[in-house]
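Novice: Dropping a structure here in structure tokens format, bear with me for questions.
The values are calculated or read from the model by the stated rules, or taken from the named source; none is laboratory data. Model, not experiment: these values are computed from the prediction. Using ideal geometry, Cβ is built from the backbone for each residue, glycine included, and neighbour counts are taken over all protein chains shown. For accessibility, only protein heavy atoms count, side chains too; no ligands or nucleic acids. Shrake-Rupley method; radii C 1.70, N 1.55, O 1.52, S 1.80 Å.
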Amino acid sequence: MIAVITGATKGIGAAIAEQFASQGFDLVTCSRNTSDLAQFKKDIESKFNISVHTIQADLSKKEDVQNLAAFINKMDKAVEVLVNNAGSYVPGGVLTEEEGSLEFMINTNLYSAYHLTRGIINKMNTKGKAYIFNICSIAGLQAYHNGGAYSISKFALNGFTKNLREELKESHIRVAAVHPGATMSKSWEGSGISEDRIMEAKDIAIAIWSAYTMSSKAVVEDIILRPQLGDL
């Protein structure tokens, strides 16, 4: 079985990758940084008895997304799980953020998922429990201060997910929007906020794995996770 997880070398993506690898899934992932990919492949393959397939790609660029899709389509196994996790966050307000912020966020957070899904949909298993998980955000459910282009892109990703769910109902491919709140990553380092106040990336991975393990007769359409004390 193959799980395609974009942006799996760090943060939420890395936790999801470990979860599926621990259950015997071979992995496909990408990163802009080749050294990160090499280290990820070494670590995961030494820890779990699976294969990790990597390719250098900047998913803010359509050509790189298409190269990733072509790489996946050449494999001899069907894709069981697709996790569109790659994304970027740049804070700022709609009226004050740097010019080009919206274009960058849309390219990275929306178009990467859109083009990759379209590019490999015919490679996905339609006879089992296949699942597409799009890592959206609580910022795609409710506007918040300094969210700007990031929030707009995540609202758009959520809309893409809803349409995809409708289109794939008869294909036996399940689709879910995953909306994490504050989750521990390098972006929170030095923030002064206690780690006890922020979710662990593993929490997101567990929720996704739990949805996948349900029977093919059931689909979890939305997964919303927040810190116990609420949003930050």
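Novice: Rg and Dmax of the chain over Cα atoms: what are they, in angstrom?
Specialist: Rg and Dmax of the chain, Cα atoms, are 16.8, 50 Å.
Novice: Can you give the alpha-carbon Rg of segment 173-232 over 2.2 N^0.38 Å, where N counts its residues?
Specialist: Working it through for segment 173-232, the quotient is 1.31.
Novice: To the nearest 0.05, how large is the calculated FRET efficiency for A70 and K47 if R₀ is 25 Å and r is the Cβ-Cβ distance? Write out the running numbers ahead of the final one.
Specialist: Details: r = 29 Å, r/R0 = 1.15.
About 0.30, to the nearest 0.05.
Novice: Also, I was wondering about something else. If I take all pairs of Cα atoms in segment 105-232, what percentage of them are more than 27 Å from each other?
Specialist: So the pairs more than 27 Å apart make up 22 percent of the total in segment 105-232.
Novice: Evaluate E = 1/(1 + (r/R0)^6) for D196 and H145, where r is the Cβ-Cβ distance and R0 equals 30 Å; express this FRET efficiency to the nearest 0.05.
Specialist: The formula returns an efficiency of 0.85 here.
Novice: Then there's this: Could you tell me which of I12, M105, I55 has its Cα farthest along the dipole of segment 1-107 towards the positive end, charges placed at Cβ (Lys, Arg +1; Asp, Glu -1), taken about the Cα centre?
Specialist: Highest projection toward the positive end goes to I55.
Novice: Tell me, in nm to one decimal, what length is gained between D58 and K217 on full extension, where the rule is 0.36 nm per residue of separation less the Cα-Cα distance?
Specialist: So the extension gain works out to 53.7 nm.
Novice: How many percent of the accessible area of segment 78-232 is carbon or sulfur, using a 1.4 Å probe?
Specialist: Carbon and sulfur atoms account for 51 percent of the accessible area of segment 78-232.
Novice: Tell me what the chain gives for mean residue ellipticity at 222 nm when only DSSP H runs of n ≥ 4 count, each as -39,500 (n - 2.57), the sum divided by the residue total, rounded to 500 deg cm²/dmol. It would help to have the intermediate numbers written out before the result.
Specialist: Details: 7 runs with 84 residues, N = 232.
It comes out at -11000 deg cm²/dmol, rounded to the nearest 500.
Novice: Please grab the % of Cα pairs in segment 26-100 that end up more than 17 Å from each other.
Specialist: More than 17 Å apart: 56 percent of the Cα pairs in segment 26-100.
Novice: What accessible area per residue comes out for the chain, rounded to a whole number of Å², with a 1.4 Å probe?
Specialist: On the way: 11650 Å² over 232 residues.
Solvent-accessible surface per residue comes out at 50 Å².
Novice: Kirkwood Rh and Cα-based Rg: tell me the resulting Rg over Rh for segment 1-127, rounded to two decimals.
Specialist: Rounded to two decimals, Rg over Rh is 1.00.
Novice: Can you tell me the dipole magnitude for the chain around its Cα centre, using point charges on the Cβ only (Lys, Arg +1; Asp, Glu -1), in Debye to the nearest 20?
Specialist: 720 debye
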